[in-house]
Amino acid sequence: MAIRSRENVLGAWAFLAGIMLSIIFGVFAQGSISPYFVWILLSLGIVVGYFVSEKDVRIFLLASVSLVVVSYIGFSLALNASISGIQIGKVFSSILSSLLLLFIPATIMVALKSVFSISTIGSRE
């Protein structure tokens, strides 16, 4: 998705940084992510959720809820996976859990913004 205006540049950069950090933390942590990294990912998720524009709320919620559900299922299945003796399951589940740490707060922020906008529109009429 291309950035068409300058209004969500910070959100786009936070999203990109969060995805990159999730993958990096997931590859190197292998099951034990530092609390500092957890707070970094949670904070980036809040920033991403805050800067989602009003017109992109539906698309973001559909995509992020899908990603959260699939990541959780993949996280659960990947714990026992191994490919030719390599414990790829630990790395994969660590990456998915890092993505969950990024997307869950972003999804909550967008959902709260959406509910708040519905309630303010309804009170004006």
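Within the range 102-118, can one find any residue that is at positive phi and at pLDDT below 90?
no
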Scope the range 8-33; condition at pLDDT below 80 and open to solvent by less than 90 Å² (accessible area, probe 1.4 Å); matching residues: Asn8, Val9, Gly11, Ala29, Gly31, Ser32, Ile33
Can you tell me which residue is modelled with the highest pLDDT among those in the range 42-79 that are open to solvent by less than 50 Å² (accessible area, probe 1.4 Å) and not in a helix (DSSP H, G or I)? Val52
Residues Ser98, Ser5: which one is open to solvent by less than 60 Å² (accessible area, probe 1.4 Å) and at pLDDT below 85? Ser5
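Listed here are the residues, each with its yes/no results for (1) touching a residue at least 40 places away in the same chain (Cβ under 8 Å); (2) in contact with a helix residue (DSSP H, G or I) (Cβ under 6 Å, 6 or more places away or on another chain).
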site	(1), (2)
Ile19	yes, no
Ile24	no, no
Phe28	no, no
Ser32	no, no
Tyr36	no, no
Tyr50	yes, yes
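The values are calculated or read from the model by the stated rules, or taken from the named source; none is laboratory data. As the structure is a prediction and not an experimental result, all values here were calculated from the model. Note that we place each Cβ from the backbone using ideal geometry, even for glycine, and neighbour counts take in every protein chain shown. Please note that ligands, DNA and RNA were not included when accessible areas were found on the heavy atoms of the full protein model with its side chains. Shrake-Rupley method; radii C 1.70, N 1.55, O 1.52, S 1.80 Å.
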